[in-house]
Amino acid sequence: MIQTILSVFSFISGKYESDPHWDHWPFGPGYGDFWASAAKMLFVAAILGVIMLFLRLLFGPNGKFRDHELDREAEEMREKELAKLEEDLKSGKISEVDYKFKKKRILS
């Protein structure tokens, strides 16, 4: 009886110990040749890229789930910085060239 159970166990383990034909597909542990590893990295990068684009569409500018309060706060901060920059230019704390560069940085 024990011999029969052991023979069944050895038959099953023998079936699973043989190398499958899909052992280098990107879902494996990463062993194998260069192309298997490169395919795995490209597959993961493609999945992450799709996720990033999806989130960008949902939460990016004009996104369906974007909080419009954040846009309002950003605009207020930008206006404050521009007002301070104008004051610095009028008082002579910064030059005209510095004013142009800083204004361009604020508005971009």
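Counting only heavy atoms of the protein chains and using a 1.4 Å probe, Val50 has close to 100 Å² of accessible surface. Measuring with a 1.4 angstrom probe and ignoring ligands and nucleic acids, Met77 comes out at about 120 Å² accessible.
What aspartates and glutamates could a cross-link reach from Lys104, if we take a straight Cα to Cα line under 20 Å and drop same-chain neighbours fewer than 8 places away? Hits, sequence-local ones excluded: Asp71, Glu73, Glu75, Glu76, Glu79, Glu81, Glu86, Glu87, Asp88, Glu96. Assign one of three labels to segment 39-108, namely rounded, prolate or oblate, based on the Cα gyration tensor with a ≥ b ≥ c the square roots of its eigenvalues; rounded applies when a/c is under 1.5, prolate when it is not and a/b is larger than b/c, and oblate otherwise. Oblate is the answer for segment 39-108, as a/c is 1.5 or above yet b/c matches or exceeds a/b.
The values are calculated or read from the model by the stated rules, or taken from the named source; none is laboratory data. The shown structure was predicted, so the numbers you read here are calculated from the model rather than taken from an experiment. For accessibility, only protein heavy atoms count, side chains too; no ligands or nucleic acids. Shrake-Rupley method; radii C 1.70, N 1.55, O 1.52, S 1.80 Å.
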